[in-house]
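A.B. asks: Just dropping this structure here.
The values are calculated or read from the model by the stated rules, or taken from the named source; none is laboratory data. Everything numeric here is computed off the predicted structure, so don't read it as measured data. Counting neighbours? That spans all protein chains shown, and the Cβs are built from the backbone with ideal geometry, glycine included.
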Amino acid sequence: MTDTPETPEEDERDDATFSMFGDAEMGAPKEEGYQVLARKYRPRLFSDLIGQEAMVRTLKNAFETGRVAHAFMLTGVRGVGKTTTARLLARALNYSRDGHDAPSMELDPPGDFCSAIMAGNHPDVLELDAASRTGVADMRDLLDGVRYSPVSARHKVYIIDEVHMLSTASFNALLKTLEEPPAHVKFIFATTEIRKVPITVLSRCQRFDLKRLESDALSKHLAKIASRENANVSEEGLALIARAAEGSVRDGLSILDQAIVQALDGDEVTGERVRDMLGLGDRLRLLDAFEFAIQGEAQKAVDEVADQVRAGADPLVILKDMLEIAADIATVQAAGNNYQLPGPADWTRRTHEIAATLTPAQAQRNWQILLSGYRDTQTAPEADTALRMVVLRLVSAARLPSPEEAARLLNGGGASGNAGKPEGPGASPSGGAQAVVQLVQPSEQAMANFRDVLNRLDSRKEARLWGEARKYIRAENFRPGRLICAVDPGAPKDLLRRLTDFLEYETDMDWDVALSASSVETQKETETRVRGELLADAAQHPDVAAALAALPGAKVVDVENSAPLDPATLTDNVVPLKRRSKG
């Protein structure tokens, strides 16, 4: 199949959105002046769309069964095909030619109105750019013609691009017509911000989420386009372009257009030329820098990224690429050989090699460090300095035990009260390193104070009474047979009676429980205060403070008094924490 050329009118339109392109022959006849690849290879048929198979299948079934909606909502990021799909859909709804007078998804050969619709000048297909016409007056003017029948086509089709930009009054003006449209009217909306569209509008539309194209699929498509253009672009160059396009074929073709002129007379457009053009870092050298950092080799890691910045690479782009490396490493660890990395085989081999040297928690920790560093770099006065500091954070983290090893060592090799638990209280859902601890209190058999009463309630599974006594009772004086306390507002009215019954049952003696105006702490307040002091004290320990400084987002979440560490297990990087005396 060979596409029909775009008309001059279409070429003059400032169309902000293109689409996914298919594998069919799409070359257009020569025109006066150069036509950019994104326009030259715009699809003309639904079969040209790639990556949108679910949408095409749904529409095809709807057309075949006659269950065609009166309104469609097309959503997705830039360059995934919203506007072009809208025009294809308008053609399908109005498809007509000799011997065929019914809506059809098969648009080859072109119908009577196809050329005018794709050019944007058919009187029954009206397009509105909501970004520039947001007012209610614009919407009312557009909808004035709804009650009139089409001039020549089967349906009057309203295409509203960037519909989320409409004002509230415009949406209200549209809503009534959208709710009960005449049979001859169809609406097609396109938006990049679906969350900004009122739910009252969304609920009256058939919604299609157009997908980004995967990097490997986009790279293969760009290779076909380059071949048709007689351009010699290396595999690495195509992979870099596909990654930079972030799933947008329009962006990919625009970058390819720019890349082709980097080499003349049939010379190869190498990966190096594409990197220079886009301000990218050398992927393999970034892998080197990443590996140096996680091995603790600060000077080599810093020198590597500094060289790339001096060569023209953007520090933020370098960090973004390093984030992708960290994500690839974590994914490789989880999926193994089932995860195929885009790009040359060397990238995949090196990524697998680095992944084998890290634990899963270390891989997640590296991701968190880089993500935090990326945010910091965006607001830093000097981006290259911020990049250097992020790399040094990775180096510092590499010199610490892995989160798994730190948890094991701090738990005394599993000998503490946490033994047997798959996840300790300090396990971080994001994979960040955290100091782990749990306070182990000795078990007392005699009830010598009010804390012992609470422990006995806990051991007897009196959960309700334990929680209420811990929260509401301020024990001023306690001795066997007598309790003087205050009760906070909000306590159950029968709390003291039930507590007295429990004490008398447990001790087999009479108890005198009297009220006072005491302001001593409740047990819950005491535990909260003590815990806060322990955490603050642990955070001030030099080694913990260094770890917190090296790992942004890390924090001390608990403190545990466990058995002393075996001196034989200690290394330069492992120092037992001791609570320092105050004063």
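This table checks each residue for (1) in the same structural domain as Thr75 (by TED's automatic domain parsing); (2) surrounded by fewer than 20 Cβ atoms within 10 Å (Cβ to Cβ); (3) free of Cβ contacts under 8 Å to residues at least 40 places away in the same chain; (4) not small (Gly, Ala, Ser).
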| position | (1), (2), (3), (4) |
| --- | --- |
| Ala153 | yes, no, no, no |
| Thr191 | yes, no, no, yes |
| Ile194 | yes, yes, no, yes |
| Ser203 | yes, yes, yes, no |
| Ser219 | no, no, no, no |
| Leu222 | no, no, yes, yes |
| Glu229 | no, yes, no, yes |
| Arg250 | no, no, no, yes |
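A.B. asks: Okay, next question. Would you say Ser254 is among the small types (Gly, Ala, Ser), in contact (Cβ under 8 Å) with a residue 40 or more places away in the chain, in a helix (DSSP H, G or I) and not assigned by TED's automatic domain parsing to the domain that holds Leu74?
C.D. replies: Details: among the small types (Gly, Ala, Ser): yes; in contact (Cβ under 8 Å) with a residue 40 or more places away in the chain: yes; in a helix (DSSP H, G or I): yes; not assigned by TED's automatic domain parsing to the domain that holds Leu74: yes.
Taking the combined requirement at face value, the residue satisfies it.
A.B. asks: Could you tell me whether segment 508-531 includes any residue that is under 15 Å from Met447 (Cα atoms), surrounded by 12 or more Cβ atoms within 10 Å (Cβ to Cβ) and out of contact with any Leu (no Cβ under 9 Å at 6 or more places or on another chain)?
C.D. replies: Scanning segment 508-531, I find no residue that is under 15 Å from Met447 (Cα atoms), surrounded by 12 or more Cβ atoms within 10 Å (Cβ to Cβ) and out of contact with any Leu (no Cβ under 9 Å at 6 or more places or on another chain), so the answer is no.
A.B. asks: Out of Met139, Met118, which single residue is closer than 13 Å to Ala90 by Cβ, assigned to a helix (DSSP H, G or I) and aliphatic (A, V, I, L, M)?
C.D. replies: Values: Met139 fails: closer than 13 Å to Ala90 by Cβ.
None of the others qualify; the one that does is Met118.
A.B. asks: Follow-up question, since we're still on this one. Gly336 fails exactly one of the following numbered conditions: (1) modelled with pLDDT of 85 or more; (2) over 23 Å from Leu238 (Cα atoms); (3) within 25 Å of the chain's Cα centre (by Cα). What is the number of that condition?
C.D. replies: (1)
A.B. asks: Name the residues in segment 82-102 that are modelled with pLDDT of 85 or more and not in a helix (DSSP H, G or I), would you?
C.D. replies: Matches in segment 82-102: Asn94, Tyr95, Ser96.
A.B. asks: Going by the structure shown, is Ser19 closer than 13 Å to Leu107 by Cα, among the hydroxyl-bearing types (Ser, Thr, Tyr), at pLDDT below 90 and surrounded by 15 or more Cβ atoms within 10 Å (Cβ to Cβ)? I'd like the intermediate steps shown before the answer.
C.D. replies: Working: closer than 13 Å to Leu107 by Cα: no; among the hydroxyl-bearing types (Ser, Thr, Tyr): yes; at pLDDT below 90: yes; surrounded by 15 or more Cβ atoms within 10 Å (Cβ to Cβ): yes.
No: the conditions fail for Ser19.
A.B. asks: If you don't mind, there's one more thing I want to ask. Considering only segment 31-44, state which residues are crowded, with 20+ Cβ neighbours inside 10 Å, more than 14 Å from Gly252 (Cα to Cα) and over 31 Å from the mean Cα position of the chain (by Cα).
C.D. replies: Arg44
A.B. asks: Against the condition touching a Leu at 6+ places or on another chain (Cβ under 8 Å), in the same structural domain as Phe187 (by TED's automatic domain parsing) and buried (at least 17 other Cβ atoms within 10 Å of the Cβ), how does Ala86 come out, does it pass?
C.D. replies: Values: touching a Leu at 6+ places or on another chain (Cβ under 8 Å): yes; in the same structural domain as Phe187 (by TED's automatic domain parsing): yes; buried (at least 17 other Cβ atoms within 10 Å of the Cβ): yes.
Yes, satisfied.
A.B. asks: Filter segment 275-317 down to the residues that are without any contact (Cβ under 8 Å) to a residue 40 or more places away in the chain and of a type in the set (A, V, I, L, M), then identify the one that is nearest to Ala386 (Cα to Cα).
C.D. replies: Only one residue fits best here, namely Val317.
A.B. asks: When you look at Asn366, is it modelled with pLDDT under 85 and not assigned by TED's automatic domain parsing to the domain that holds Gly247, yes or no? Working first, answer last.
C.D. replies: Working: modelled with pLDDT under 85: no; not assigned by TED's automatic domain parsing to the domain that holds Gly247: yes.
In short, no.
A.B. asks: Scan Ala293, Ala313 and give me the residue that is in the same structural domain as Leu370 (by TED's automatic domain parsing), surrounded by 18 or more Cβ atoms within 10 Å (Cβ to Cβ) and in a loop (DSSP other than H, G, I, E, B).
C.D. replies: Being in the same structural domain as Leu370 (by TED's automatic domain parsing), surrounded by 18 or more Cβ atoms within 10 Å (Cβ to Cβ) and in a loop (DSSP other than H, G, I, E, B) holds for just one of Ala293, Ala313, which is Ala313.
A.B. asks: Another one. Of the residues in segment 321-341, how many are out of contact with any Pro (no Cβ under 9 Å at 6 or more places or on another chain), assigned to a helix (DSSP H, G or I) and buried (at least 18 other Cβ atoms within 10 Å of the Cβ)? Quick ask: steps written out before the conclusion?
C.D. replies: Here is the first cut: in segment 321-341, the residues out of contact with any Pro (no Cβ under 9 Å at 6 or more places or on another chain) are 321-329, 331-332, 335-341.
When the remaining residues are screened for being assigned to a helix (DSSP H, G or I), the result is 321-329, 331-332, 335-338.
Keeping just the survivors that are buried (at least 18 other Cβ atoms within 10 Å of the Cβ) gives 321-322, 325-326, 328-329, 332.
Summing the residues that are out of contact with any Pro (no Cβ under 9 Å at 6 or more places or on another chain), assigned to a helix (DSSP H, G or I) and buried (at least 18 other Cβ atoms within 10 Å of the Cβ) in segment 321-341 gives 7.
A.B. asks: On to the next question. Could you grab me the full set of residues in segment 487-508 that are out of contact with any helix residue (DSSP H, G or I) (no Cβ under 9 Å at 6 or more places or on another chain) and not in a loop (DSSP other than H, G, I, E, B)? Give the steps one after another, and end with the answer.
C.D. replies: Taking segment 487-508 first, the residues out of contact with any helix residue (DSSP H, G or I) (no Cβ under 9 Å at 6 or more places or on another chain) are 493-494, 496-497, 500-501, 504-505, 507-508.
Result: Leu496, Arg497, Thr500, Asp501, Glu504, Tyr505, Thr507.
A.B. asks: In this structure, does Ala131 turn out to be at pLDDT 85 or above, touching a helix residue (DSSP H, G or I) at 6+ places or on another chain (Cβ under 6 Å) and surrounded by fewer than 16 Cβ atoms within 10 Å (Cβ to Cβ)?
C.D. replies: Values: at pLDDT 85 or above: no; touching a helix residue (DSSP H, G or I) at 6+ places or on another chain (Cβ under 6 Å): yes; surrounded by fewer than 16 Cβ atoms within 10 Å (Cβ to Cβ): yes.
Against the criterion (at pLDDT 85 or above, touching a helix residue (DSSP H, G or I) at 6+ places or on another chain (Cβ under 6 Å) and surrounded by fewer than 16 Cβ atoms within 10 Å (Cβ to Cβ)), Ala131 does not qualify.
A.B. asks: Related question: Under the condition of being touching a residue at least 12 places away in the same chain (Cβ under 8 Å) and among the hydroxyl-bearing types (Ser, Thr, Tyr), which residue from segment 460-510 is nearest to Thr522 (Cα to Cα)?
C.D. replies: Step by step, filter segment 460-510, then rank; the result is Tyr472.
A.B. asks: Could you tell me which numbered condition Val233 fails, if it satisfies all but one of (1) touching a Ser or Thr at 6+ places or on another chain (Cβ under 9 Å); (2) of a type in the set (A, V, I, L, M, F, W, C); (3) within 29 Å of Phe63 (Cα to Cα)?
C.D. replies: Failing condition for Val233: (3).
A.B. asks: Go through (1) within 48 Å of the chain's Cα centre (by Cα); (2) among the charged types (D, E, K, R); (3) not in a loop (DSSP other than H, G, I, E, B) for Glu521 and report which single condition fails.
C.D. replies: Condition (3) is where Glu521 drops out.
A.B. asks: Return yes or no: is Ala190 at pLDDT 90 or above and either within 20 Å of Arg87 (Cβ to Cβ) or assigned to a loop (DSSP other than H, G, I, E, B) (or both)?
C.D. replies: On the way: at pLDDT 90 or above: yes; either within 20 Å of Arg87 (Cβ to Cβ) or assigned to a loop (DSSP other than H, G, I, E, B) (or both): yes.
So Ala190 passes the test.
A.B. asks: While we're looking at this one, here's another question. Check whether at least one residue in segment 368-377 is closer than 16 Å to Glu291 by Cα and out of contact with any Ser or Thr (no Cβ under 6 Å at 6 or more places or on another chain), and report yes or no. Break it down stepwise before answering.
C.D. replies: Start the filter on segment 368-377 by keeping residues that are closer than 16 Å to Glu291 by Cα, which leaves 369-370.
Subset that is out of contact with any Ser or Thr (no Cβ under 6 Å at 6 or more places or on another chain): 369-370.
Yes: segment 368-377 contains one or more residues that are closer than 16 Å to Glu291 by Cα and out of contact with any Ser or Thr (no Cβ under 6 Å at 6 or more places or on another chain).
A.B. asks: Follow-up question, since we're still on this one. Can you tell me which residue among Ala546, Ala538, Ala550 is modelled with pLDDT under 80, in contact with a Lys or Arg (Cβ under 8 Å, 6 or more places away or on another chain), surrounded by 13 or more Cβ atoms within 10 Å (Cβ to Cβ) and not assigned by TED's automatic domain parsing to the domain that holds Arg464?
C.D. replies: Numbers: Ala546 fails: in contact with a Lys or Arg (Cβ under 8 Å, 6 or more places away or on another chain); Ala538 fails: modelled with pLDDT under 80.
Checking each option against the conditions leaves just Ala550.
A.B. asks: Still on this structure, please answer the following. So if I check each of Ile354, Ile318, which one is within 22 Å of the chain's Cα centre (by Cα) and assigned to a helix (DSSP H, G or I)? Even if it seems obvious, please write down each step before you answer.
C.D. replies: Details: Ile354 fails: within 22 Å of the chain's Cα centre (by Cα).
That would be Ile318, the only listed residue that is within 22 Å of the chain's Cα centre (by Cα) and assigned to a helix (DSSP H, G or I).
A.B. asks: For segment 62-120, which residues satisfy the criterion of being under 40 Å from the mean Cα position of the chain (by Cα), closer than 15 Å to Arg154 by Cα and among the aromatic types (Phe, Trp, Tyr)?
C.D. replies: Phe63 - this is the single residue of segment 62-120 that is under 40 Å from the mean Cα position of the chain (by Cα), closer than 15 Å to Arg154 by Cα and among the aromatic types (Phe, Trp, Tyr).
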